[in-house]
Amino acid sequence: MAKTIKIKYDIEKFNKIKEDLNQKLENSGCIGKYFEDLIDDYMNLWLTKEGLSNDIKSRGVVVVYDNGGGQKGKKKNDSVSELVKVNQQMLKLLFALNLTPQKEMPQLKKPKKKSIDEDYL
């Protein structure tokens, strides 16, 4: 039988993020069940991300396995690769909601590119 693991979530942080997303959508004029559903999807992914992050914090990036057939060893924690996939999906949802991180974050100045010749002058 599968082992049930209870994970503690920061409900206050969850509510603040959801409220912030709803506010940003409302400010942009995006109102409706479709957008509410996308925010719910985003928040479900947020819960998954938190669970994966907690697993990585508690077990590390490498875990010990024992397949019961006498084989034991170490392997990568699958939560690491799953966390990357969940983060990618979260970013896609933000893009679908027109709330991309680049739009929300102040633009950083990019360094001036030098030509190859400038290095040798």
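Taken as a whole, the condition of being basic (K, R) and modelled with pLDDT of 95 or more applies to K16. For region 53-84, the set of residues classified as over 22 Å from D10 (Cβ atoms) and assigned to a helix (DSSP H, G or I) consists of D78, S81, listed by residue number.
When L38 is tested against the conditions (1) of a type outside the set (D, E); (2) in contact (Cβ under 8 Å) with a residue 24 or more places away in the chain; (3) loosely packed, with under 15 Cβ neighbours inside 10 Å, the lone failure is (3).
The values are calculated or read from the model by the stated rules, or taken from the named source; none is laboratory data. Just so you know, these numbers come straight off a predicted model, no measurement behind them. All Cβ positions, glycine included, derive from the backbone under ideal geometry; neighbour counts span all protein chains shown.
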